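Written out below as structure tokens is the structure these notes cover.
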Amino acid sequence: MYSTFEQKYRRIQKELLAGAIALGGVFIIGTLWYWLVEGWTWEDAAYMTVITLATVGFGEINPLGNRGRLFTISLILMGVVTIGYIVNRFTEALIQGYFQEGLRVRQQRRAMESLTGHYIICGCGRTGQQVALEFAAEAVLFVAVDLSLTSIQAAQQLGHIAVQGDATLDETLIKVGIERAVGLVAALPSDAENLYTVLSAKTLNPNIRAIARASNREALQKLQRAGADAVVSPYITGGKRMAAAALRPQVMDFVDGILTGGDRELYMEEYRLDPAVCPCIGQSLKEARLRSQSGALVLAIRRVDGSLIGGPTAETILMAGDLLICMGTGEQLRQINQILGPIRYRVPRPPKQGTNN
């Protein structure tokens with residue numbers, strides 16, 4: 001599936017190619033006529049055809065009879081029509097900016113082909129735009145997909161890699177590198193589209209983390225059954241956050257300040273403990289000295305079995321596969337990353353200007 005611009009660009013390419021083939025055909029016809037019918041040499045026949053098509057006003061190479069002159073008139077007319085068609089198509093392409101846009105499309109395609117470990121945002125509406133802004137603030141690689149050309153152009157103006165296409169189709173997802181992606185955000189307008197997108201994504205890449213938008217509880221349950229790793233309902237979540245902002249405003253301000261935005265001082269990050277590289281496995285938090293060495297605070301630990309330890313104590317043992325949820329400045333989180341070794345995240349989300357491995 002190609003975007004509207006790509007369809008027009010390919011049409012212009014085909015028309016220019018057809019014009020070039022037609023001009024070549026006219027040249028061959030003229031050369032063969034002068035060679036076979038008039039009995040000229042190959043060189044004279046080709047030269048006569050060229051100067052005739054170019055309408056430069058040169059005289060005849062050899063004398064021509066009435067039949068030869070009638071053919072020459074026909075050759076001139078065919079040449080004028082063919083060259084005029086090529087010039088018209090070329091001028092339209094130049095005025096419409098197809099060549100410049102075509103170069104941009106090729107550069108964008110090469111950029112998409114080189115992407116790995118990236119996220120795919122399906123839908124560039126209000127939800128998708130906000131997700132893109134947060135990803136950009138976190139310096140996370142992503143590509144946006146939307147069927148609306150206006151939405152795609154708006155995303156491209158912000159410097160995002162954006163592709164026009166139907167995200168529910170396997171062909172579109174393959175085009176944006178679903179096999180190499182680590183995460184997908186389904187933020188399309190309807191629950192049915194998000195459901196199809198999640199199903200397609202999980203089929204093409206079973207290991208991808210899929211986050212979907214749902215408009216109600218029923219859609220939320222269906223998306224979870226379809227394989228979505230996380231489902232967010234803007235209405236349910238928005239209502240909960242509004243209630244929390246009314247009841248606990250300072251808590252909400254603090255949480256918002258460490259979760260979103262590119263100019264915040266504190267970040268929250270998660271680290272998966274890999275037994276192959278982490279030197280702290282088997283140690284307690286006191287023995288690992290993560291806080292004293294990095295300054296970052298371990299807020300919670302998610303065990304492999306899914307149990308959550310909130311506010312772990314100094315005696316809490318670090319185990320293989322544990323997911324540490326930490327808070328600190330960007331520099332503190334980079335230091336704790338170095339202490340824990342080259343961590344392999346299930347979902348890599350480095351702080352802005354961070355260097356998590």
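The values are calculated or read from the model by the stated rules, or taken from the named source; none is laboratory data. A quick note: this is a predicted structure, and the numbers were derived from the prediction, not measured. We place every Cβ from the backbone using ideal geometry, glycine too, and count neighbours over all the protein chains shown. Accessible surface is based on the protein model in full, side chains and every heavy atom, while ligands, DNA and RNA are left aside. Shrake-Rupley method; radii C 1.70, N 1.55, O 1.52, S 1.80 Å.
The one condition from (1) within 30 Å of residue 132 (Cβ to Cβ); (2) open to solvent by 50 Å² or more (accessible area, probe 1.4 Å) that residue 304 does not meet is (1).
Might you check whether a residue that is among the hydrophobic types (A, V, I, L, M, F, W, C), modelled with pLDDT of 90 or more, surrounded by fewer than 19 Cβ atoms within 10 Å (Cβ to Cβ) and assigned to a helix (DSSP H, G or I) occurs anywhere in the stretch 192-202? So far as the stretch 192-202 goes, yes, one or more of its residues are among the hydrophobic types (A, V, I, L, M, F, W, C), modelled with pLDDT of 90 or more, surrounded by fewer than 19 Cβ atoms within 10 Å (Cβ to Cβ) and assigned to a helix (DSSP H, G or I). The residues of the stretch 142-165 that are under 18 Å from residue 7 (Cα atoms), open to solvent by less than 40 Å² (accessible area, probe 1.4 Å) and not in a helix (DSSP H, G or I), listed by number, are 145, 146, 162, 163, 164, 165. Checking each residue of the stretch 214-224 against the condition of being in contact with a helix residue (DSSP H, G or I) (Cβ under 8 Å, 6 or more places away or on another chain), polar (S, T, N, Q), in a helix (DSSP H, G or I) and open to solvent by 20 Å² or more (accessible area, probe 1.4 Å) gives no match. Could you list all residues from the stretch 167-191 that are surrounded by fewer than 18 Cβ atoms within 10 Å (Cβ to Cβ) and in contact (Cβ under 8 Å) with a residue 40 or more places away in the chain? Result: 169, 171, 180, 189.
Of the residues making up the stretch 204-213, just one is open to solvent by 30 Å² or more (accessible area, probe 1.4 Å), within 16 Å of residue 123 (Cα to Cα) and of a type outside the set (Val, Ile, Thr), namely 213.
Of the helices (runs of 4 or more DSSP H) contained entirely in the stretch 42-131, those carrying at least 3 residues that are crowded, with 18+ Cβ neighbours inside 10 Å and either touching a Gly at 6+ places or on another chain (Cβ under 9 Å) or at pLDDT below 80 (or both) fall at 42-54, 66-96. Would you confirm whether any residue within the stretch 234-242 is among the small types (Gly, Ala, Ser) and in a helix (DSSP H, G or I)? Looking through the stretch 234-242, at least one residue is among the small types (Gly, Ala, Ser) and in a helix (DSSP H, G or I).
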